[in-house]
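Below you'll find the structure, written out as C-alpha cells, and then a few comments.
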Amino acid sequence: MSGESDLIYLYDGSYEGMLCCVYESVYGREVPADIVPENEAEPTLFCTKYIETDLEHAQRVQRSLARKIAPAAEDLVRDTFFSCADGKERKILRFLLFAYRAGDAALRMRAHDCVAPLYEAQRALRNEVHLLLGFLRFSEYDGVLVARIRPKNFVLPYLQPHFCARFAGETFLIYDKTHKAALVWQDRRARLVALDNLETPPESEEELSFRRMWRTFSDTIAIALRENPRCRMTHCPKRYWSEMWEMPGGEEEKLKMRSLPEDFTKS
Amino acid sequence: MDVLKKLEILTDSAKYDVACTSSGSDRGPAAGKLGTTAPAGICHSFSADGRCISLLKVLMNNYCIYDCKYCVNRRSNDVPRAAFTPRELAELTIGFYRRNYIEGLFLSSAVIRSPDDTMELMIRALELLRTEYKFNGYIHAKTIPGADPALVEKLGLLADRLSVNIELPSERSLSLLAPDKTKQAILAPMRLVQQGVEQNRAELAVYRSAPRFAPAGQSTQMIVGASPETDRQILRLTESLYQRYSLKRVFFSAYIPVAENALLPSLDTKPPLLREHRLYQADWLLRFYGFSADEILDDTAENFNPYLDPKCNWAVHHPEFFPVDVNRAPYEDLLRVPGIGVVSARRIRTARRESALTLAGLKRLGVVLKRARYFIVCADSARPLPVSREETVRALLDPKAYSVTCEQLSMFAAPDIQTLAASGMSARKAADEGKENAVSCLVKAI
C-alpha cells in the first residue's frame, strides 16, 4: 500500500458512506490525507474524490470488522463514528489499516497511536450517554413526553434502548438540537428522524407545578453548611443545565412558552 | 397543607440521610409496568452541596416519638411537622419518574406511635406504588429498628434495597446520644435482612421466578464527628460490617450541628468534611483495592493523615514494596501504586500482553504519572525517579487539605491556615505556608 497521498475523500456523512471510504482506500491501495463529509468540506488545494455510498461495499467492510479483527471492533468503530472526535473518519481508517494486519491484538493495544484515539472517542461518547440518561428531562404535553438535548456526540441511538425499555408504555420524543434529529417512540416502535426544528405548545399548569416541586425538592435537599458549587459543576457540567429545571439560572427562559405544530402528535 | 409544602418539610427532614445510590438492581421492563433499574445506578442531578440526587428522598412523616440528640426530627425540636398520604407519595413519585427526574424513591420515616405502626404505613405506601401505580423502578426503604420481623420481610419484597442506620460508631455513644435506640435493636434487623437475602438466593436457584427480596442488598450509615471514636475504630467497624453482615455500602455522614447540647460538639463546629472524605477513600480501598483496615491504619496511627490520602500514606510508609514493575507485577500489586486505579490497572493488564508499556503509554491508559512515577518501573524507565523523599511527599500532597474552606486539622500542629487567612494573608499564601510546613512534618514522621 502506498503512503499518504494528497487526496481527500468526500462522502455523504452516513456511517455506511464512511465504510465505503474504507473500502475505496483498501481496494484502491491509496491512503487519503483526510475523509470529510461532503457538506463540511472546505475549498482546499488537495484533490478531492467523491466516494459513492454502495451498501454492498459497506456491508463487506462491516463484516470484515468482526472477522478480521474481533467482534468488539464493530462497537469501537461505530462509537467513534458517532462521537464528536476531531477527524474521526481519518482515525478510523488509520486504525483499520493497522488492525487488519494486527488482528484482534490491535484491540488490546490501548496505548498504541493508531488505537488509543478510538478508545478516547468511545469513552467520551459513552460518558455523555451515561450523563444524559440522568440529566435529560421530559415535559408532558397532552400525554406525550418531550425532551430536548444538546449533546456534543450523536447519542440518540445509544439512548434508545434505555428509554424505550423504561418508558415502554409511553409515547415520547427526544429532540437533539445539535444534530437536528429526533428519537420517536410511539406504539412500541422506535424511529430516528431528521427534524430541523421542534416547537411545543405552552406548558400545562400541571407540568409547571411538577417543575416547581422538583425545584423545591432539589433546593431543600442541599445542606447549606456543605455548599460546594464547584463540586456540583464537576459532576454536572453547566452545558446540561438549560433544561434542568432544578438548576439555577434562566428561570423565565426555562418556563418559556413554546408552540407546537398541530400535527405533532399524529406524525 | 398542599403537597408542595409537605414535600418541602419532609425533604428537609430527610436531607441528612446520606445514601442516594440507585445501584445493585438489574430489572428489565415488565409488561404493563412503568420503569426499569440500571445495575450501575444513575445520577439525575446534583444539589448545591455537590451531592448526587438519584432518588426522591423523603420521609413518610416526621412526627417522631424518639428524642435522639443529634437529629433534627427529635420530638423536643420545634420544627414544622407533616405526613404524606400513600397516594400523594405515589403520585409524586410517578410524576417525577415519568419526567426522568429520578431513578425511584428513597423512603424513610420518623417513628410515629411505634416501630410497627411506622413500618406498616411505609408498606402501605409502597404497596400502592408497586401494585396500583405499577411502578417498576428503584425503591430504597429504611427499616425501623425494633419492628416485627414479618414486617421487615414484607418491606424487603417491595424494595430493592433496605437499610438500617447504625447511627453512631459505638454502643457507648449510642446510649449517650440516642437513648431510645440500642445496638441490639439496630443489628437485629440488619441480620434479618442478611438472612432474607441469602435465603432468597437459595430460593431463586431452585425457582427462577421466586419473588425477589431486596435484590440490591442493604446499606447503613453512621455519623462521624458527633462522638469521640477514632478513625481506626470507625474503619474497623466498617470492615466488620462488610464481612459479617454482607453490607453493600457503609456511608459516613459528617456531623452537622443541629442542636445545642452539652454532649455534642458546639453549634459553630464545621462539619468534618475532610475526615469524611478520608473515610470514603479508605472505604474504597477496602472494597476494591484489597486493603484491610489494619493495613490502612495500624498501631502507629489512630487517625488518618490529613495531608496524604490513605493509599499514598500507605505507599510512603512501605518503601520495601516498591518499585512495582508495571509490565510484570500482578494486578493486586498494581492496585497498590498511587496514581493507578481499578480502571487503569485493568487496562495495563490487557495492554501489556501485546507490548511492553512505556511512560507515554501509561499516560494514555489513564495512569496519573504525577503520583505513579515515584513508584514504578516500565519499559523506558528502569528505575523510579531518583528524588528525595521530600519531593515525593510534595507530589503526593492532597490539595484538598489546603483549601481555606476546609476544617482545621490539628494532627501536626501546622499553623492554622484559617487563622493565617483571617489575619489578612491571601488564601493562596496561607495555603502555601501550610503546605511547606506539612512537607517538613511528613518527612520527619516517615
Out of A:Leu183, A:Leu195, A:Leu65, a Gaussian network model of chain A with alpha-carbon springs under 10 Å gives the largest mean-square fluctuation to A:Leu195
Here the FRET efficiency for B:Ser209 versus B:Glu153, based on Cβ atoms and R0 = 25 Å and rounded to 0.05, is 0.85
Checked the protein assembly as shown with the C-alpha gyration tensor, a ≥ b ≥ c its square-rooted eigenvalues, rounded below a/c of 1.5, otherwise prolate if a/b is larger than b/c and oblate if not; verdict oblate
Of all stretches in chain A that avoid trypsin sites (Lys or Arg not before Pro) placed in a DSSP loop and having at most 11 other Cβ atoms within 10 Å, the longest is A:30-187
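Identify the GluC sites (Glu not before Pro) of segment B:222-283 meeting these criteria: DSSP loop state and at most 16 other C-beta atoms within 10 Å of the C-beta.
Of the GluC sites (Glu not before Pro), the ones in loops of segment B:222-283 whose Cβ has at most 16 other Cβ atoms within 10 Å are B:Glu260.
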For chain B, longest principal axis from Cα atoms; helix B:183-206 axis from its Cα atoms; angle between them, nearest 10 degrees, is 90 degrees
Taking the dipole of segment A:102-230 about the Cα centre (Lys, Arg +1; Asp, Glu -1; charges at Cβ), the one of A:Gly134, A:Thr220, A:Thr171 that reaches farthest to the positive side is A:Gly134
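Expressed in nm², what is the orientationally averaged projection area of the convex hull enclosing the Cα positions of chain A?
If you wrap the Cα atoms of chain A in a convex hull and average its projections, you get 17.9 nm².
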With +1 on the Cβ of every Lys and Arg and -1 on the Cβ of every Asp and Glu, the dipole magnitude of chain A about its Cα centre, in debye rounded to the nearest 20, is 1120 debye
Longest principal axis of chain A (C-alpha) makes with the long axis of helix A:15-28 (C-alpha) an angle, in degrees to the nearest 10, of 10 degrees
Within 10 Å of the Cβ of an average residue in B:345-353, the count of other chain Cβ atoms is 3
Checking B:Leu297, B:Leu359, B:Leu187 against a Gaussian network model of chain B (alpha-carbon springs below 10 Å), the top fluctuating residue turns out to be B:Leu359
A:Cys84 and A:Arg191 label points (each 7 Å along its Cα→Cβ direction) are spaced in nm at 2.8 nm
Computed about the Cα centre, the charge dipole of chain B from +1 Lys/Arg and -1 Asp/Glu charges at the Cβ has a magnitude in debye, to the nearest 20, of 1400 debye
For A:Thr234, placing the label point 7 angstrom along Cα-to-beta-carbon and taking segment B:43-57, residues whose amide nitrogen sits under 20 Å are B:43-54
In segment B:241-338, the trypsin sites (Lys or Arg not before Pro) that sit in a DSSP loop and have at most 14 other Cβ atoms within 10 Å of their own Cβ are B:Arg328
Expressed in nanometres to one decimal, the distance between label points 7 Å along Cα→Cβ at B:Met1 and B:Glu320 is 6.2 nm
In deg cm²/dmol, rounded to the nearest 500, the helical mean residue ellipticity at 222 nm of the protein assembly as shown, built from -39500 (n - 2.57) for every DSSP H run of length 4 or more, is -12500 deg cm²/dmol
Among beta bridges assigned by DSSP with both residues in chain B, the antiparallel ones amount in percent, to the nearest 5, to 15 percent
Between the alpha carbon centres of segment A:50-89 and segment A:139-176 the gap in Å comes to 26 Å
Note on chain B: contact order normalised by length, alpha-carbon pairs under 8 Å, 6 or more apart, percent, works out to 10 percent
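Of the beta bridges DSSP finds with both residues in the protein assembly as shown, what % are antiparallel, to the nearest 5?
Roughly 30 percent of the DSSP beta bridges within the protein assembly as shown come out antiparallel.
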When chain B is treated as a Gaussian network with springs between alpha carbons less than 10 Å apart, the largest mean-square fluctuation among B:Leu107, B:Leu89, B:Leu267 is found at B:Leu267
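How high is the FRET efficiency from B:Ala301 to A:Lys68, r the C-beta distance, R0 60 Å, rounded to 0.05?
Using R0 = 60 Å, I get an efficiency of 0.60.
Coordinate-derived values only; no laboratory data. Only a predicted model underlies this, so the values are computations on that prediction, with no experimental measurement involved. Cβ coordinates were reconstructed from backbone atoms using ideal geometry, including for glycine residues, and neighbour counts include every protein chain displayed.
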